[in-house]
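Notes to accompany the following structure.
The values are calculated or read from the model by the stated rules, or taken from the named source; none is laboratory data. Keep in mind the model is a prediction, meaning the values are calculated, not measured. So basically every Cβ, Gly included, is an ideal-geometry build from the backbone, and we count neighbours across all protein chains shown. In case anyone asks, the SASA skips ligands and DNA or RNA and just uses the protein heavy atoms, side chains included. Shrake-Rupley method; radii C 1.70, N 1.55, O 1.52, S 1.80 Å.
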Amino acid sequence: MGILPIDTDILIIGGGAAGCFAAVEIYKKSPGCRVVVMEKAHIERSGCLAMGLNAINAYLHAGETPESYVAYVERQFEGIIRKDLVSSIVQGLNDAVKDVEKMGLPIEKNEDGTYKMRGKRSIRIFGERLKPILAEAVQKTPARVLNRVVATNFIYDGTRVGGAFGFGIRDGSFYVIRAKAVIVATGGASGIYKPHNTGEARHLLWYCPWNAGTGYAMGIRTGAEMTSFENRFIALRVKDVNAPTGTIAVGARSKQINARGEDYLECYYKHWGGNRCLTHHRLLATVEEKKIGRGPCYLDTTTLNETEERRLKEDFLNMNPQIILLWATKEMNPRKKPVEICGTEPFLVGGHCQAGYWVDKDRRTTIPGLYAAGEVAGGAPKKYVSGSWVEARIAATTALEDIKGMSLINTGEDTIQREKTRVLHPFTRKAGISPSEARERLQKIMDEYAGGISMNYALHEERLLEARRLLKSLKDRMKDLVAVNNYSLVEALECIDRIDVARVLVEHLIYRKETRWACYQTRLDYPEKDNRRWLVFVNSVYHPKTDEILMVERPLCS
Amino acid sequence: MSISIDETICNGCKGLPEARCERICPGDLCYRKENTKAAIRDQSACWTCACCVKECPVQAIELRLPFQICSNGSSLKARLKPDKTIWTVWDAEGHQEEFIIQAKWLKGD
């Protein structure tokens, strides 16, 4: 396998929502700046936006202020958010949306030209082609896009990040990309827990199955400080096909009912606020109904008329076309049968929840030369796609400022060889563990010992300690991974990344000894929220030399 | 089954370095077989995102759901126009329904 060296000014890892927006932003601000975008798939249809999107859920409508918006996010996350980060996002939301509209995204409007309010902080879009639209904007810049190249580790000289290594899935080359600054925008992590569908349907996930947490894992292995991994995300979705419930609940104003037809949030969960409860209580109530025996739960679509049904189908075609197949039979028509909902397995994401890199307000990570934007950046939940664009803009601006007068770092030949050997190791073995065996083992451990679906998401110390032990021994076995072609090599590398992420996740889950966010983080042994002790961020730093994960607490800041 | 490729329609995107579905699949699951027809390497790894369905210019690929989730035999195809996406869904009884949805504002709209 040949080594392919590339030198550039700014390297963007991940050509998703944040990565594409960052590339465009750098070109606008500094047309002469050399940019490389490294993308595991193809930027026209990669990452969590590959299917499309039917709403932008972070938008500042008239009547809402940045302060009221930040207060809303703070309330939703039980008092723990980085207000400085959320505030910086809120201020840029509407400009970012306008920019993407100019690229070609259709958005539903009022007669006066303002965007029509879909929900309090949401607008309706026709985003089936959102990703190709963003990619087209990148392709109009001189940025060099490397499709089908997967990042494996940062180039790090002990003081700063100066690029990244990558494996070329098509050409089989080993990429050594040096850059003055690196923006990591790889998205969050799916596939850590046993999925709610198995067998032929094992990849019918809420989140993109190929968002393997590689950006987190590379940061962890480099010693970057990570925050709030214990703030997992579990989506309340249409059962089996994972279509978003918001499209029905917000878009079509349907109520949540249990098997008896009761509006269960109002009937039984008034103490959490009934229909106005927090997002995680909505999920918890649904889990409780199942445990008590009043499930399955549904969204009541039987009140829709024909026009509303058609509109709902159009919205889903723009985002989750699978549900249209589920409905394509008389008895499953949503006007005849309410739509069943349930919780997914847990994911790690910085866009809905706040697992990710610990960053300063300018999106510098704790490692010089490395910046983070989008799902991979922590501390700013509910940023969604529009907030990811804002973060990309901030990270790009900071990186451009910081690289002035900076030179490329020297990459030692031994460093290159060491990483190349690590990446290609699964090719050298004739027999051993297949990537699917490793994946299933990881998902089983996490499901059973770290609060997966089979445990109704609940956690406690003894099980978590067992998870810690089992993950350590699984990691030690990864030297026996076998890959037979480039595709399975990528699968093998994803297993290694997911295990590194899962180990950090488990340490975070062990450390927070209270219940802060029901379902996302429910401790059976510490069932109460404890504001006197735990109104803090739980952060971690991995030490590669000793293989230890050191926990750190950070105070809330204003 | 998640996608189904009709080999009587697929022309393997002859002349292109990669088949279009192969180029676009976010999971790198599509490839061109020796007989030049496109194929999926692992149905169980499919996200059912329909990217390949949209990308295929001759509508050789249809979206289906794994049998464990949906046993009604329905299927879905798409055609892309510069500014619109046209979807056709076939239901269990063979009836078809079409949706024409704005997907992009072209310059000058």
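A few comments on the model shown:
- Percent of Cα pairs in the range A:396-441 per distance bin of 10 Å, from zero to the largest separation: 19, 24, 23, 20, 14.
- Rg ratio (alpha-carbon, reference 2.2 N^0.38 Å) - chain B: 1.11
- Assigned charges on the beta-carbon of Lys, Arg, Asp, Glu; chain A dipole about Cα centre (debye): 260 debye
- Within chain A, longest stretch free of exposed GluC sites (Glu not before Pro) [DSSP loop, at most 12 other beta carbons within 10 Å]: A:112-527
- Cut-off under 5 Å, modelled amide H: who pairs with A:K529 long-range: A:T515
- Buried on assembly, the range A:142-168 (at least 20 Å² less accessible surface than by itself, 1.4 Å probe): A:R148
- Cα-Cα pairs of the range A:283-357 separated by more than 18 Å (percent): 55 percent
- Here is the size of the range A:414-528 from its Cα atoms: Rg then Dmax, 16.4, 51 Å.
- Rounded percent of accessible protein surface that carbon and sulfur make up, chain A, 1.4 Å probe: 51 percent
- 9 Å beta-carbon shell around A:E461, net charge (K/R +1, D/E -1): +1
- Listed residue (A:M117, B:C21, A:I43) projecting farthest to the positive dipole end of the protein assembly as shown, Cβ model: A:I43
- Along its three principal directions, the equivalent ellipsoid of the range A:236-343 from the Cα gyration tensor extends over semi-axes of 23, 13, 13 Å, largest first.
- Average Cα contact separation per residue, chain B, under 8 Å, 6 or more apart, as relative contact order %: 22 percent
- Lysines with Cα under 26 Å of A:K404, excluding same-chain neighbours fewer than 8 positions away: A:K28, A:K29, A:K140, A:K180, A:K361
- The Rg/Rh ratio for the range A:468-558 is 1.09, where Rg is the radius of gyration of the alpha carbons and Rh is the Kirkwood radius.
- Number of partner chain Cβ atoms within 10 Å, mean per residue of A:309-322: 4
- Given A:K194/A:K239; A:K83/A:K529; A:K239/A:K337; A:K475/A:K513; A:K98/B:K104, the pairs whose alpha carbons are separated by over 18 Å: A:K83/A:K529; A:K475/A:K513
- Cα gyration tensor, the range A:166-214 - rounded (a/c under 1.5), prolate or oblate: oblate
- Whether the protein assembly as shown is rounded, prolate or oblate, judged on the alpha carbon gyration tensor where a/c under 1.5 counts as rounded: rounded
- The range A:1-136 - charge dipole about Cα centre, Lys and Arg +1 at Cβ, Asp and Glu -1, debye rounded to 20: 220 debye
- Taking the DSSP bridge list for the protein assembly as shown and keeping only pairs wholly inside it, about 75 percent are antiparallel.
- Enclosing the Cα atoms of the range A:41-191 in their convex hull gives a volume equal to 170 cubic angstrom per residue.
- Loss of accessible area when A meets B, both sides summed, Å² nearest 100, probe 1.4 Å: 4600 Å²
- Residues in the range B:66-84 occluded by at least 20 Å² - accessible area, probe radius 1.4 Å, against chain by itself: B:P66, B:Q68, B:I69, B:N72, B:S74, B:L76, B:L80
- Three-way shape call for the range A:336-442 based on the alpha-carbon gyration tensor, with the a/c threshold at 1.5: oblate
- Centroid-to-centroid, using Cα positions, the range B:1-15 and the range A:9-32 are 35 Å apart.
- Solvent-accessible area per residue for the range B:3-102 (1.4 angstrom probe, square angstrom): 43 Å²
- Normalised per residue, the accessible area of chain A is 35 Å², obtained with a 1.4 Å probe and no contribution from ligands, DNA or RNA.
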